[in-house]
Amino acid sequence: MSEHEAARPADGTTSQPALKAFMRRQRLFANLSEEDLARLLTMATLRHVPRGESFIEEGAEGSEMYIVVEGDAEIFHAEGASRQVLAVRGEGDVIGEMALLGGEVRTASVRALTPLRLLVIDKDALRELLSCSPSAAVTMVRTVTSRLRSSEAMLVQQEKLASLGTMAAGLAHELNNPASAVGRGARQLERVLERWQAAFQELAATGLDGTRAAALDALMTEARTHVPEPEASPLVAMQRETALTDELLAHGVEDAYEIAPALLAAGWHSPVWETCLAPFDSGQAAAVARAVGAAGEAGELLREAGAGAEAISSIVGSVKSYVYLDQAPVQEIDVIEGLESTLVMLRHELKEGVRIERELASDLPRVSAHGSELNQVWTNLIDNAVAAMNGSGTLRLRAYIAEPCVVVEICDDGPGIPSEVLKRVFDPFFTTKPLGEGTGLGLHIAHTIVRRHRGRLTVTSQPGDTCFRVELPVGG
């Protein structure tokens, strides 16, 4: 456990002059009078912290600040099971002043990288320090401002990287499905073509004449271009397959159990003999059935591969639209196109229990903006709405013109935001999520981007209806 003792200098002695000399070297205390410095040292305590021990915990109340007398400390932010290092502080550095000055909880944790000796200044001592030394107050303001800028810049970058990682994982999942379908179809198509070739070789051996060859070509074309019927009930499908199998067996087709499903998929139901196989000899029927069934399978596999390739192309197009790849930073932006591409990017989060209602005006004017930044706004707001609904509910998207602005509303039917939280939702580092699950910067980043575009981001909330409203001036 950490221990407290009367303040003493870095050399381990109890000499007041040595400790005063150490304090005088620090900008925060350089201009204090001898009387004020002596009073501060009387109020302060010295704490030893063993290596590896944390002395500030994220989420705890900020009641003290620390001056590092000896050693190094690591400031970090918990992200689930991982840890994001924000800074390392050494001799003479101030730690923990932001939460103490603001009367708020700690936004990061601090642990000792080496054995530490800290001068501990509590709230009363800090208040007296600032009241008796204007220069200390100015130095403290500069220190806090610098820390805020540094911490926010680092965490904003971390938030962007985390969002990028989440979307990359979602896109990998979305691309995997159609890519797997294309690969699976290619492998199946190879086997189908082998059966097709074997059927043709068997028919060639029977001496297929021109009339029957033309009939076979027509049957295969019909099977290959057949549009699948609406899927029948399991009972009806079983009855059709049984009837067709029995008919093929009755005409001496030994592998009827393998051929019947392919013929059904190609659109041929019983009685297939009268409609499909009548022009052929009984010795040719089985080979003809295999060839027609293979043609039907090949056509279906090609359609599936085409659909998969089209899905991949659509996702890639949405990614290019989302990031505005190879386009000017500022341009005339179609807001609805940005919303739709964002929905594609977040599809992995929306498919489980989230219903989307769109009310998007077709005549919206374009807005001059950084397209990728606006898409980051839509991403943060939609992701926030889905999280508020716990992944299940209705997401409502509205876009309309309210001169001189284009207005976008992103609403959810979640439990709502309490009034005491509502007024702080855009504050940096403010979050209602458990420790380690969020930086509290998503909505702050969205608010900052909208303001930079000379727009407004506001929110209203009640149980069952939380709505974030973005107003963007048409003129940019």
Compute the FRET efficiency between Tyr400 and Ala307 as 1/(1 + (r/R0)^6), taking r as their Cβ-Cβ distance and R0 = 35 Å, and round to the nearest 0.05. 0.55
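For segment 206-313, give the magnitude of the charge dipole about the Cα centre (Cβ charges: +1 Lys/Arg, -1 Asp/Glu; no others), in debye to the nearest 20.
Details: 5 positive and 17 negative charges, 33 e Å.
Charge dipole of segment 206-313: 160 debye, to the nearest 20.
If the chain between Ala218 and Arg452 were fully stretched, how many nm would it gain, using 0.36 nm times the residue separation less the Cα-Cα distance? List each step's numbers first, then the result.
Values: separation 234, 0.36 × 234 = 84.24 nm, distance 6.50 nm.
Additional length available on full extension: 77.7 nm.
Considering only DSSP states other than H, G, I, E and B, which GluC sites (Glu not before Pro) in segment 212-315 qualify as loop sites with at most 15 other Cβ atoms within 10 Å?
Details: sites: Glu222, Glu231, Glu241, Glu247, Glu254, Glu258, Glu274, Glu297, Glu300, Glu304, Glu310; in loops: Glu231, Glu254.
Here the GluC sites (Glu not before Pro) that fit, given the DSSP loop and packing criteria, are Glu231, Glu254.
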Could I have the simple spin-label model distance between Val85 and Glu337, label points 7 Å from Cα toward Cβ, reported in nm to one decimal? 4.4 nm
Contour minus end-to-end for Ala361 and Ala60, with contour as 0.36 nm per residue of separation and end-to-end as the Cα-Cα distance? 103.6 nm
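Can you give the FRET efficiency to the nearest 0.05 for Leu422 and Thr42, using r as the Cβ-Cβ distance and R₀ = 56 Å?
Details: r = 44 Å, r/R0 = 0.79.
Result of the calculation: an efficiency of 0.80.
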Long-range amide H contacts for Gly59: which residues qualify at under 5 Å (H placed 1.01 Å from N, peptide plane, sequence gap of 5 or more or a different chain)? Arg106, Thr107, Ala108
So who's got an amide H within less than 5 Å of the one on Asp72, skipping anything under 5 residues away but keeping other chains? H placed 1.01 Å off N, in plane. Leu113, Thr114
Please work out the C-alpha center-to-center distance from segment 252-287 to segment 173-232 and express it in whole Å. 14 Å
If we sort 201-211, 279-289, 259-269 on the protection proxy, mean other Cβ atoms within 10 Å, highest first, what's the order? 259-269, 279-289, 201-211
So if R0 is 45 Å, what FRET efficiency would His173 and Ser282 give, r being the distance between their Cβ atoms, rounded to the nearest 0.05? 0.30
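In segment 339-394, which GluC sites (Glu not before Pro) fall in coil by DSSP and have 11 or fewer other Cβ atoms within 10 Å? Write down the numbers at each step before the final one.
Values: sites: Glu340, Glu349, Glu352, Glu357, Glu359, Glu373; in loops: Glu352.
Here the sparse-neighbourhood loop sites are Glu352.
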Of the listed peptides 452-464, 374-386, what is their order by residue-averaged count of other C-beta atoms within 10 Å, with the highest listed first? 374-386, 452-464
How big is the gap, in Å, between the Cα center of segment 45-108 and the Cα center of segment 359-406? 38 Å
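Since every read-out is calculated from the coordinates, none of them should be taken as a lab result. Everything quoted here is computed from the prediction, not taken from an experiment. Here the Cβ is made from the backbone with ideal geometry for all residues, glycine too, and neighbour counts use every protein chain on show.
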